[in-house]
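See structure below.
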Amino acid sequence: MGSSLSALNIIPNPMSLTVSGDMFVLSDLVDIYVRPATDEVTNIGRYLAGRLSPSAGFEISVLEAADIPPDENIHLILAEADPGLGEEGYILTITPQRVTLMAYRPAGLFRGCQTIRQLLPPSIERATAQPGSWTLPTLTIRDYPRFEWRGAMLDVARHFFSVDDVKRYIDLLAYYKMNRLHLHLTDDQGWRIMIDAWPNLAAHGGSTQVGGGPGGYYTQADYADIAAYAQSRYIMVIPEIDMPGHTHAALASYASLTCDGAAPPLYTGTEVGFSSLCVGKNETLAFVGDVVREIAALTPGPYIHIGGDEALSTEEAEYRQFIEQVQAVVEAQGKHMIGWEEIAKADLQPGSVVQHWRNGEPAKSAAQQGNRVIMSPAFRIYLDMKYDETTPLGLSWAGYIDVKTAYDWDPASQVEGMPESSILGIEAPLWSETLETISDIEYMAFPRLPGYAEIGWSPLSGKDWEAYKRRLAAHGARWDAMHVNFHRAASIAWEE
Ligand code: ACM
C-alpha cells in the first residue's frame, strides 16, 4: 500500500495492492472473455464493455473464454475455489499481457469492474469517443469489504424523484462499491408507491410535495424496474414505509385511518412529529397488513424498513405495541423488520435491525439484546447537512459536515460499549426537504459519499485523511466526465 496506492486514487481503498510498474494497453484489439459464460457473468462483461466502449471509441465484444484464454484481453472469471473472497471480494491481476478479474461470486466481479474503471483515465467516464491512450497500471489487488452493509438512503417523499433520477443515483453508488439503497417512500408530505388495495394513498397522498409542487409516485412496475436495475448493480433496495408517525399523507388520503374520522388537507411544510396512525383501530391493522404484503411482494431482498422514528404524537405504550404488531406482520411475510433506533423500545425479534441516527442508547440496548445495528449518526453521515454556513442547500440541525468530518470517524468506536460484531454496516441518509432535482442530490452527496463508501469497505488500518484527500482530489475530473454536480470543497486540491 502506501504511496503507490494513493497514486492510483482508488476509492474505496483496496484491502491490499501491489504495483509492478508496467502497463496494459486497452487497444481496439481488446475483448472481454467471460468464464463460465452464464447469463449473469456475460451480463457483467457487457456492463463493463458498456462503460468502456463509448469513450474508448471502439467496440469491445464479450466472448466465451476458450480453454487456453487468449492474451491481450480482459478476463472475467468466476472461481468458486476461493470462498475467502466472500460475496463481494475479487482479485484483480494486471500484467502487460492481460487483465484478469477473479471472484468467488458474481457480485465480486461487478465490484472489481469498478476498480478497473477507476484505474483508467477519468475521460473513460465520458459518454462519447475521447482521444486517449487507455492504459492500466500492472498490479495485483486482493480486495473485499469490511462491512456487509454499505448503504445510502434517498428521501423521495419530501420531494419526489423520477425513476431515471433514482437509477442515476444507483449508478453513482455502484461506482463506489456501495450495496444498499434504502428508499424513504412515505412521509407527511407524500406517499410515493402505489398500493393496489389502497390506491388513494398514491393518487391523492402522492399528489404534492414540500413547497406544493406536483409530487408524484411510483407505479408497482416503476418500483420493480428500480429494484431490478439496482439488482443488476448488486445493490439491494430496502423500501421504507414510515409508521406510526410521518404518516400525514396517508391520513389525508383515507379518513378511515384517522381517529376522528376526518381526513385532513395535504401538508407541504417541513415540520416533523405531528402525525400518527390511529394505532388501536382495526382499520389501521388492515392497512398495515395490506401495505406490508404488497411491499413484500415487490421486494426481492429480505428487509422491510418500517420507520418508527419521531412518533411524537403516539403514546409510548401504544407505540411499543404497534411496533411489535408491525414486526409480526413483516415476519409473517418472510421478511425482517428494520426501523430507526426508536424501535428499540419494543421487544425485537432476533432478525430485526435497528438503524442508529441520533442517540446511541437505543442502538446499544438493541445490540446488547443481540440485534444488529446500521450506523447512521446524523452529525457524521446525514448527507442533507450543509457542508458549512455558505452551503445553499440542506439543513444544519445536526451541525455542518465538511468533507473531513464526514470521512474521519470509525463506526465501531461511535457508540461507547457497542461491539463491532453488532454493526451490520453504515448508511448515509439524504433527506430531501430542500432538494428538488438530481443535481441538488449530487451536490449534497459529492464529495462526501465516497468517504462513506470507504468507511464501509476499507480496512481501518489504512485510514489516513491526508492520503484520502489526495485520492479524492483526483475524482473531481471523474465527476466532471460523468456530469455530476459536486461541491468543490475548498479543503480539497481538485485536479483538472
Ligand atoms: C430521522 O432522521 N428522523 C430518522
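The values are calculated or read from the model by the stated rules, or taken from the named source; none is laboratory data. Predicted model only: the values in this text are computed from it and were never measured. When we count neighbours, we look across all protein chains shown, and the Cβ atoms used for this are built from the backbone with ideal geometry, even at glycine. Surface areas here come from the heavy atoms of the whole protein model, side chains and all, with no ligands, DNA or RNA. Shrake-Rupley method; radii C 1.70, N 1.55, O 1.52, S 1.80 Å.
From Asp28, Asp67, grab the single residue that is assigned to a loop (DSSP other than H, G, I, E, B), free of Cβ contacts under 8 Å to residues at least 24 places away in the same chain and out of contact with any Lys or Arg (no Cβ under 8 Å at 6 or more places or on another chain).
After applying the criteria, what remains is Asp67.
Yes/no per residue for (1) open to solvent by 50 Å² or more (accessible area, probe 1.4 Å); (2) modelled with pLDDT of 95 or more; (3) farther than 23 Å from Thr135 by Cα:
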{"position": "Ile44", "(1), (2), (3)": "no, yes, no"}
{"position": "Ala49", "(1), (2), (3)": "no, yes, no"}
{"position": "Ser53", "(1), (2), (3)": "no, yes, no"}
{"position": "Asp67", "(1), (2), (3)": "yes, no, yes"}
{"position": "Gln97", "(1), (2), (3)": "yes, yes, no"}
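Quick check: anything in region 307-315 over 23 Å from Val373 (Cβ atoms) and in a helix (DSSP H, G or I)?
Scanning region 307-315 turns up no residue that is over 23 Å from Val373 (Cβ atoms) and in a helix (DSSP H, G or I).
Filter region 234-248 down to the residues that are in contact with a Gly (Cβ under 8 Å, 6 or more places away or on another chain) and farther than 21 Å from Gln325 by Cβ, then identify the one that is least open to solvent (accessible area, probe 1.4 Å).
Val237
Out of Gly334, Gly269, Gly261, report the one residue that is farther than 25 Å from Glu361 by Cβ, in contact (Cβ under 8 Å) with a residue 24 or more places away in the chain, open to solvent by 10 Å² or more (accessible area, probe 1.4 Å) and away from the ligand (no atom under 16 Å from the Cβ).
On the way: Gly269 fails: away from the ligand (no atom under 16 Å from the Cβ); Gly261 fails: in contact (Cβ under 8 Å) with a residue 24 or more places away in the chain.
Of Gly334, Gly269, Gly261, the one residue that is farther than 25 Å from Glu361 by Cβ, in contact (Cβ under 8 Å) with a residue 24 or more places away in the chain, open to solvent by 10 Å² or more (accessible area, probe 1.4 Å) and away from the ligand (no atom under 16 Å from the Cβ) is Gly334.
Just wondering, is there one or more residues in region 292-302 that are at pLDDT 95 or above, within 16 Å of the ligand (Cβ to nearest atom) and among the polar types (S, T, N, Q)?
Taking every residue of region 292-302 in turn, none turns out to be at pLDDT 95 or above, within 16 Å of the ligand (Cβ to nearest atom) and among the polar types (S, T, N, Q).
Tell me which residues, restricted to region 431-451, are within 16 Å of the ligand (Cβ to nearest atom) and buried (at least 23 other Cβ atoms within 10 Å of the Cβ). Outline the logic, then answer.
First pass over region 431-451, keeping only residues within 16 Å of the ligand (Cβ to nearest atom): 431-435, 444.
Matches in region 431-451: Trp431, Ser432, Leu435, Met444.
Looking at (1) at negative phi; (2) within 16 Å of the ligand (Cβ to nearest atom); (3) touching a Gly at 6+ places or on another chain (Cβ under 6 Å), which is the one condition that is false for Glu341?
(3)
For region 147-158, state whether one or more residues are more than 19 Å from Gly307 (Cβ to Cβ) and out of contact with any strand residue (DSSP E or B) (no Cβ under 9 Å at 6 or more places or on another chain). If you could, list the steps in order and put the result at the bottom.
Within region 147-158, the first condition is being more than 19 Å from Gly307 (Cβ to Cβ), and the residues that meet it are 147-148, 150.
Those left that are additionally out of contact with any strand residue (DSSP E or B) (no Cβ under 9 Å at 6 or more places or on another chain): none.
Within region 147-158 (the criterion being more than 19 Å from Gly307 (Cβ to Cβ) and out of contact with any strand residue (DSSP E or B) (no Cβ under 9 Å at 6 or more places or on another chain)), the answer is no, since none of the residues qualifies.
Name the residues in region 99-125 that are free of Cβ contacts under 8 Å to residues at least 40 places away in the same chain, among the hydroxyl-bearing types (Ser, Thr, Tyr) and open to solvent by less than 30 Å² (accessible area, probe 1.4 Å), would you?
First, pick out the residues of region 99-125 that are free of Cβ contacts under 8 Å to residues at least 40 places away in the same chain: 100-105, 108, 112, 121.
Of the ones still in play, those that are also among the hydroxyl-bearing types (Ser, Thr, Tyr) are 100, 104.
Hit for region 99-125 is Thr100, nothing else.
Can you pull out the residues in region 368-389 that are away from the ligand (no atom under 13 Å from the Cβ) and either on the phi > 0 side of the Ramachandran plot or assigned to a loop (DSSP other than H, G, I, E, B) (or both)?
Those that are away from the ligand (no atom under 13 Å from the Cβ) and either on the phi > 0 side of the Ramachandran plot or assigned to a loop (DSSP other than H, G, I, E, B) (or both): Gln369, Gly370, Asn371, Lys386, Tyr387, Asp388, Glu389.
How many of the residues making up region 381-403 are open to solvent by 20 Å² or more (accessible area, probe 1.4 Å), touching a strand residue (DSSP E or B) at 6+ places or on another chain (Cβ under 9 Å) and either closer than 22 Å to Trp465 by Cβ or modelled with pLDDT under 95 (or both)? Please lay out each step first, then the result.
In the first step, residues of region 381-403 are kept if they are open to solvent by 20 Å² or more (accessible area, probe 1.4 Å); the result is 386, 388-390, 392-393, 395-400, 402.
If we keep only those that are touching a strand residue (DSSP E or B) at 6+ places or on another chain (Cβ under 9 Å) too, we end up with 386, 395-400.
Subset that is either closer than 22 Å to Trp465 by Cβ or modelled with pLDDT under 95 (or both): 386, 398-400.
Going through region 381-403 one residue at a time, the tally reaches 4.
Looking at (1) touching a helix residue (DSSP H, G or I) at 6+ places or on another chain (Cβ under 7 Å); (2) more than 12 Å from the ligand (Cβ to nearest atom); (3) at pLDDT below 95, can you tell me which one Asn359 breaks?
(2)
Taking the condition of being in contact with an Asp or Glu (Cβ under 9 Å, 6 or more places away or on another chain) and open to solvent by 40 Å² or more (accessible area, probe 1.4 Å), how many residues in region 135-161 meet it?
2
Kindly establish whether Ala406 is assigned to a helix (DSSP H, G or I), open to solvent by less than 40 Å² (accessible area, probe 1.4 Å) and away from the ligand (no atom under 16 Å from the Cβ). Reasoning before the result, please.
On the way: assigned to a helix (DSSP H, G or I): yes; open to solvent by less than 40 Å² (accessible area, probe 1.4 Å): yes; away from the ligand (no atom under 16 Å from the Cβ): yes.
Considered against the rule, which asks whether it is assigned to a helix (DSSP H, G or I), open to solvent by less than 40 Å² (accessible area, probe 1.4 Å) and away from the ligand (no atom under 16 Å from the Cβ), Ala406 comes out as yes.
Keeping to region 303-329, report how many residues are within 16 Å of His246 (Cα to Cα) and either in contact with a strand residue (DSSP E or B) (Cβ under 8 Å, 6 or more places away or on another chain) or within 16 Å of the ligand (Cβ to nearest atom) (or both).
Qualifying residue count, region 303-329: 14.
Run down Thr314, Thr268 and say which single residue is within 29 Å of Ala221 (Cα to Cα) and in contact with a Ser or Thr (Cβ under 8 Å, 6 or more places away or on another chain). Spell out the reasoning first.
Details: Thr314 fails: within 29 Å of Ala221 (Cα to Cα).
From the options Thr314, Thr268, the qualifying one is Thr268.
Can you tell me which residues in region 186-220 are open to solvent by less than 10 Å² (accessible area, probe 1.4 Å) and either over 11 Å from Ala249 (Cα atoms) or at pLDDT below 95 (or both)? I'd like the intermediate steps shown before the answer.
Applying the first criterion (open to solvent by less than 10 Å² (accessible area, probe 1.4 Å)) to region 186-220 yields 186-193, 195, 201-202, 205-206, 218.
Residues satisfying the conditions are Ile193, Ile195, Tyr218.
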